[in-house]
Amino acid sequence: MAFPNKDSYYYCSVLCLYIIIIVANSLAFQCSAAASSSNNNDQISTLVVNASIASRRRMPDTLFGIFFEEINHAGAGGLWAELVSNRGFEAGGTQVPSNIKPWSIVGEESCILVQTELNSCFERNKVALRMDVLCDDINCPSGGVGISNPGYWGMNIEQGKKYKVVFYVRSAGPIDITVSFKNAQGGGILASTNIQETASEVSNWKRIENTLEANGSSPNSTIQITTTKKGVIWLDQVSAMPLDTFNGHGFRKDLVNMLIELKPAFIRFPGGCFVEGQRLSNAFRWKESVGPWEQRPGHFGDVWNYWTDDAFGYFEALQLAEDIGAKPIWVFNNGISHTDEVDTSAIKPFVQDAVDGIEFARGAATSQWGSLRVAMGHPKPFDLKYVAIGNENCGKKHYQGNYLAFYNAIKHAYPDIKIVSNCDASSKPLDHPADLYEYHTYPHDARSMFNNAQVFDNTPRNGPKAFVSEYALIGEEQAKLGTLLGAVSEAGFLIGLERNSDHVAMASYAPLFVNANDRKWNPDAIVFNANKVYGTPSYWVQYMFRESSKGATFLESQLQTTDPTSLAASAILCQNPQNNKTSLKIKVANMRSDQVNIKISVEGYATSNLTESTITVLTSINALDENTFSDPKKVVPKRSPFQRAGKEMNFIIPPISLTVFDLL
């Protein structure tokens, strides 16, 4: 991630910008949640940082990570690069003929009849598509007739890029099929290939694979399969994937790069409510998401109301964790959905399913499920050390009984696995064993989010550690689609987590992704469509906290201010990512609608390279400013040189801002 050049001219420009922001905020910002009870700018806040050896406390290597859930089309139509939506024609259900959306017919209905049948060659997804072509070379339209798929609100086809197209076909006679990518707006053909097979070659199901190279670009493209030859053709499992994916593993590169920028210590997956299901019949099942993609049945995620073919499955999530250097945290269903539960007396199959899932990830190549992992191309076991038994199920009738059945079986088979309970122990101890407990918070008020930093101040330190696995400011008034105000309130919360990192082991924002065409939840950290992506201000707060894991050291500091409910600060020692040298990083989050004069004193630490010390500020003219596709960098961190670094420093903290001093 590139920042502006570090020269004095830019530094002066930044100071001028701060002055403009200060004036604008005092005139324009009227949000009561962020308004300070005092506007006395003559008051100076002081921060004393004790960097002596005695004051240092190592922070967990796992403190800040990410949480992926299949929500907002985060995986299907997002992180997973598959271009075809409903590629197996299963989304309409097994009652045939059924709806084939978003597929549509190419040509007039008098020339072609399309319907689904249960005659696929795949046992776990029997639905296939039948096309009765009623016209021939003479009376068919010049472009032929067939079917078209728009993908997930348009396929992004780029000139010069290559795409692998795979489908299965069967016919009673010879076939002459054209597969093409077409610009949905202009109608131009961006790539095309012709497939001819004799009747004997396609009398049974045959796999067809071709690579198409695009000769044009459009983010709003479709794939078409057409013919001018009369007859009956069956199609199934139509896939189109760009060859250029992250590490060749099928992930959309620009979205993965956004994750890598956060340096996440862990990734929690695949949910969330997605794991539970509105009903257990629609809950995510890991065994149905592994093996060859063509054989995965897919399922309807009835919590977020869309079909997923489960191509981004359990294996792919483990692979993604490995690719980005994050520890995987697997969340599995514990026999409980939003509306139904399995009695503990009947939970054994679910328990075995979880134990099998761990064996898939970690088992030897000769084990039943480890051998499947090997067959999928990963001989080495994945580094799975954490599992969570259910999601937000504490208090349900059968949770405790089910939980103990899972806990005992997993600890017996894999004693090193760290197990996460759904029950909150921030205010009272758990009544069951656990290595970590989950804490979720989604306040609607920015000040509540900011001051929730104190929630773990008095939690006993002799029990399981806290996993703040879901947090965010939400609500139409202050959070909207991702505001600066929301992000700064979350920064104050994260400063509190740093302070309590002797007890808080992990934390992750939620949700991580949203396809702008299917917002099931707002706000989110990363927004994308078919060809664009940007981070919300909340994403950039996480970016500015990314050095607080993997070897960081927390320092004692004392903040004195007339408005402690609006100002928070912390100090850590960490490795500078640019030169691998130790640096002192001081964070100050200001929720006030006016500037704060702050005096910073550092004890026990001497700056060694003033010319490389920097200051990074996340702020904007208005507290409710958001990033958009048209202005993706409206609210992003601005870094500049900080040549006044030393033991005593005075600085003006802008209104509604997160400021990070990086002293070498």
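Computed values, structure above
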{"quantity": "Cα lying deepest toward the dipole's positive end in the chain, options Ser548, Val602, Ala516, charges on Cβ", "calculated": "Val602"}
{"quantity": "Tally of Lys pairs whose C-alpha atoms are under 16 Å apart, taken over the stretch 385-491, 8 or more apart or cross-chain", "calculated": "5"}
{"quantity": "Of all accessible heavy-atom area on the stretch 575-656, the percent that carbon and sulfur account for (1.4 Å)", "calculated": "48"}
{"quantity": "DSSP-defined antiparallel bridges as percent of all bridges, the chain, nearest 5", "calculated": "75"}
{"quantity": "With Cα atoms, 0 to 90° folded angle of helix 348-362 axis to the chain main axis", "calculated": "80"}
{"quantity": "Calculated FRET efficiency for the pair Asp254/Ala365, C-beta based, R₀ 41 Å, to 0.05", "calculated": "0.75"}
{"quantity": "Heavy-atom SASA rank of Arg130, Arg296 (probe 1.4 Å, accessible area, largest first)", "calculated": "Arg130, Arg296"}
{"quantity": "Of the trypsin sites (Lys or Arg not before Pro) in the stretch 540-584, those whose Cβ has at most 14 other Cβ within 10 Å and which sit in DSSP loop", "calculated": "Lys581"}
{"quantity": "Dipole magnitude of the chain, debye to nearest 20 (Cβ charges: Lys/Arg +1, Asp/Glu -1, about Cα centre)", "calculated": "1320"}
{"quantity": "Set of aspartates and glutamates near Lys520 by C-alpha distance (under 14 Å), chain-local residues within fewer than 8 positions excluded", "calculated": "Glu69, Glu70, Asp302, Glu476"}
{"quantity": "Per residue accessible area in Å² of the chain, where ligands, DNA and RNA are left out and the probe is 1.4 Å", "calculated": "38"}
{"quantity": "Cα gyration tensor category, rounded, prolate or oblate, for the stretch 577-664 with a/c compared to 1.5", "calculated": "oblate"}
{"quantity": "Cross-link partners of Lys581 among aspartates and glutamates (Cα-Cα below 12 Å; sequence separation of 8 or more within a chain)", "calculated": "Glu612, Asp662"}
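The values are calculated or read from the model by the stated rules, or taken from the named source; none is laboratory data. Keep in mind that this is a model prediction, so the values were computed, not measured. Quick reminder, even Gly has a Cβ in these numbers, built from the backbone with ideal geometry, and neighbours come from all protein chains shown. Only protein heavy atoms, including side chains, enter the accessible area calculation; ligands, DNA and RNA are left aside. Shrake-Rupley method; radii C 1.70, N 1.55, O 1.52, S 1.80 Å.
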